[in-house]
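A.B. asks: Before I ask anything, here is the structure I am working with.
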Amino acid sequence: MTPAADNDIAKRPGRFVVFEGIDGSGKSTQARRLAEVLGAEGREVVLTREPTDGLWGQKIRQIAAKGRQGIDPRTELDYFVNDRQEHVDEVIAPALAAGQVVICDRYFYSTIAYQGALGLDPDLIRQENEGKFPRPDLVILLEVPPNTGRRRIEAGRAGGTNQGYEGPEFLERVGAIFARMDDDNIRRIDATRPADEVFEAVLDACGRLLESTTKDNK
Ligand code: TYD
């Protein structure tokens, strides 16, 4: 196991919170609000996202914008895993080692759900990712029906939904895989409610995890 996959949370001074959900579930807004509140309390916070803006992330965003253009699912999975490896090595693992709170908008649960929805085996995707990458302390899964997600994207984003990942049947399959996940670090939140109510639930989900200072855990 690489040092990046060191999952001994007791020895890890930082805290690792991940937001997950289908497109249009409101992850980015909630992640940003949590980062703002914690920052205002004087915590050292790293707000980050996947796909990243690195080279692999840029290839992935091309798929999102233009469609797959013949890229097969296994190759696409490799793009996400390569992007994540860079992200963990360069951003996530150093921040956790330094006692910071890492808030990540999407992580390997998205790979299980989205590349699983493409037809790859979700269990194999999980095994590969769990073997390589640190386990989050908390995964906040924002739940909305696919139609709600799509409506929000169409209302909010110039250019509407993207080609590669946001078709209705595809998002149904993604949502179904998210719905089956039963990891004990996942907290599900009904994200059809107004953003303020959802944020209350987010703070509640973080609860004790973020109460103790990172110093206490060193
Ligand atoms: P998204 O978070 O929607 O990016 P943006 O900031 O451009 O809105 O991510 C782009 C797409 O990538 C999204 O539809 C989900 C997909 N995705 C995967 O298919 N697998 C993954 O592992 C990740 C992280 C994202």
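The values are calculated or read from the model by the stated rules, or taken from the named source; none is laboratory data. None of the values given here were measured: they were computed from a predicted structure. Using ideal geometry, Cβ is built from the backbone for each residue, glycine included, and neighbour counts are taken over all protein chains shown. Accessible surface is based on the protein model in full, side chains and every heavy atom, while ligands, DNA and RNA are left aside. Shrake-Rupley method; radii C 1.70, N 1.55, O 1.52, S 1.80 Å.
A.B. asks: So which residues in region 105-140 are aliphatic (A, V, I, L, M), touching a strand residue (DSSP E or B) at 6+ places or on another chain (Cβ under 7 Å) and within 14 Å of the ligand (Cβ to nearest atom)?
C.D. replies: Within region 105-140, Val139 is the sole residue that qualifies.
A.B. asks: Could you give every pair whose Cβ atoms fall below 9 Å, whose first residue belongs to region 190-206 and is within 17 Å of Ile103 (Cα to Cα), and whose second residue is hydroxyl-bearing (Ser, Thr, Tyr) and open to solvent by 10 Å² or more (accessible area, probe 1.4 Å), counting only separations of at least 6 or pairs across chains?
C.D. replies: Pairs that qualify, where the first residue is within 17 Å of Ile103 (Cα to Cα) and the partner is hydroxyl-bearing (Ser, Thr, Tyr) and open to solvent by 10 Å² or more (accessible area, probe 1.4 Å), are Val198/Thr29; Val198/Thr192; Phe199/Thr29.
A.B. asks: Further, regarding this structure: Would you confirm, using the coordinates I've provided, whether Leu138 is modelled with pLDDT of 95 or more and more than 12 Å from the chain's Cα centre (by Cα)?
C.D. replies: In short, no.
A.B. asks: Additional query: Restricting attention to region 66-81, which residues are within 11 Å of the ligand (Cβ to nearest atom) and of a type outside the set (D, E, K, R)?
C.D. replies: Within region 66-81, Pro73, Leu77, Tyr79, Phe80, Val81 qualify.
A.B. asks: Scan (1) in contact with a helix residue (DSSP H, G or I) (Cβ under 9 Å, 6 or more places away or on another chain); (2) closer than 20 Å to Val144 by Cβ; (3) surrounded by fewer than 18 Cβ atoms within 10 Å (Cβ to Cβ) for the single condition Gly54 breaks and write down its number.
C.D. replies: Single failed check for Gly54: (2).
A.B. asks: Something else about it: Restricting to region 72-86, give me the number of residues that are open to solvent by 10 Å² or more (accessible area, probe 1.4 Å) and either touching a Phe, Trp or Tyr at 6+ places or on another chain (Cβ under 8 Å) or touching a residue at least 12 places away in the same chain (Cβ under 8 Å) (or both).
C.D. replies: Here the count works out to 7.
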